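Asker: Can you keep this structure in mind? I'll have questions shortly.
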Amino acid sequence: MKGNLLVRIIAILAIYLGLRYLAGDVGRKILYPINLFVTFLHEFGHAVGALLTGGEVVNVQVSQDGSGYTRSAGGNRPVILMGGYLGSALFGNLLFLIGTKAKPLVKPILILLAGGMIFTGLFWYTSAFSTGFLIGFALLLMLIVWKTSWGREVLMFLGMASILYIIQDFNVGPKSDLNKYAEIMVVLPAQVWMYIWLAIAVLLFYYNLRLIFSLSKEENTNYEL
């Protein structure tokens, strides 16, 4: 069982890396909506940071070029700023964990994720493109839930793609957030905070993998008994 799990993880990883680095324009086109999804997770992380610290979300934008922004009022500014990069890292790891080891939660999480995207597109509206993408992607997730048995693989792929994307682009994606964060947390420069955030993202993925394989080992032990 552990061997099957490792094969699945390697297969998901190979598909992502193959599309990103070997498939040229075709790969970029296939990954385009996935990249926009990662942007959504980043901006949603800002939104959650605002809500958890007593603020409110004004609007959320996912732009056609893959960038995005979140406007909020009130709340704890450092937490909101961290919420984008570290929040998307956490969300990615949760999606990957659920897709890998929590089969009963796969459909509910896909439905919850689709609902979150629709809510964001309608209630935190910024542009027609952003709302159109969010609702379109949400409908695709619902189609996967009700018409296919690919839910686990889809969650694994979305989670893996999110984790790898933010780790690979750590010095590009959160740049503006880091600069604003360093203006508040003046004890360290933005460059240092960048590597701290990267280290946290890498450690999250490392301990997530340890948890996944630990759970797999326990399942094998129980099966042998």
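Every number here is computed from the coordinates shown, using simple stated rules; none is lab data. It should be emphasised that the depicted structure is a prediction, and the values quoted were computed from it without experimental measurement. Virtual Cβ from ideal backbone geometry, glycine too; neighbours counted across all protein chains shown.
Asker: Could you give the semi-axes, largest first, of the ellipsoid that matches the range 54-106, computed as the square roots of 5 times the alpha carbon gyration tensor eigenvalues and rounded to whole Å?
Answerer: One finds semi-axes of 26, 15, 10 Å for the range 54-106.
Asker: Roughly what angle does helix 151-168 make with the longest principal axis of the chain, taking Cα atoms, 0 to 90 degrees, to the nearest 10?
Answerer: Once rounded, the angle reads 50 degrees.
Asker: Right, next: Over the range 1-120, one equal point on each Cα, no solvent: what is log10 I(q)/I(0) by the Debye formula at q = 0.16, 0.17, 0.21 Å⁻¹?
Answerer: The calculated log intensity ratios at q = 0.16, 0.17, 0.21 Å⁻¹ are -0.90, -0.98, -1.22.
Asker: Tell me which residues come under 5 Å, amide H to amide H, from Gly68 once H is placed; ignore anything under 5 positions away on its chain.
Answerer: Answer set, sorted by chain and number: Ser63.
Asker: Distance between Cα centroids, the range 105-121 to the range 126-180: provide it in whole Å.
Answerer: 12 Å
Asker: Could you give the angle, 0 to 90 degrees to the nearest 10, between helix 106-123's Cα long axis and the longest principal axis of the Cα atoms of the chain?
Answerer: 20 degrees
Asker: Now, a different point. Contact order normalised by length for the chain, with contacts defined as Cα pairs under 8 Å and 6 or more residues apart; what percent is it?
Answerer: 23 percent
Asker: What does the charge dipole of the chain about its Cα centre add up to, to the nearest 20 debye, if the Cβ of each Lys and Arg holds +1 and the Cβ of each Asp and Glu holds -1?
Answerer: Around 360 debye, computed over the chain.
Asker: Something else now. Just to confirm a number: summing +1 for Lys and Arg and -1 for Asp and Glu over residues other than Leu140 whose beta-carbon lies under 15 angstrom from that of Leu140, what do you get?
Answerer: Charge balance in the 15 Å sphere: +1.
Asker: Once every DSSP H run of n ≥ 4 in the chain is given -39500 (n - 2.57) and the sum is divided by its residues, what mean residue ellipticity at 222 nm do you get, rounded to the nearest 500 deg cm²/dmol?
Answerer: Using -39500 (n - 2.57) per qualifying helix, the result is -27000 deg cm²/dmol.
Asker: To continue, here is another question. Can you give me the C-alpha center-to-center distance between the range 1-33 and the range 41-74, rounded to a whole angstrom?
Answerer: Cα centroid of the range 1-33 versus Cα centroid of the range 41-74: 29 Å apart.
Asker: Using alpha carbons only, how many degrees (0 to 90, rounded to 10) separate the axis of helix 175-184 from the longest principal axis of the chain?
Answerer: 60 degrees
Asker: Expressed in nm to one decimal, what extension gain is obtained for the pair Glu183 and Ile135 from 0.36 nm per residue of sequence separation less their Cα-Cα distance?
Answerer: 13.7 nm
Asker: Can you list the residues, at least 5 places off or on another chain, whose amide H is less than 5 Å from the amide H of Val58, using H built in the peptide plane?
Answerer: Arg71, Ser72, Ala73
Asker: Within 10 Å of each residue's Cβ, count the other Cβ atoms and sort Asp177, Asp169 from fewest upward.
Answerer: Asp169, Asp177
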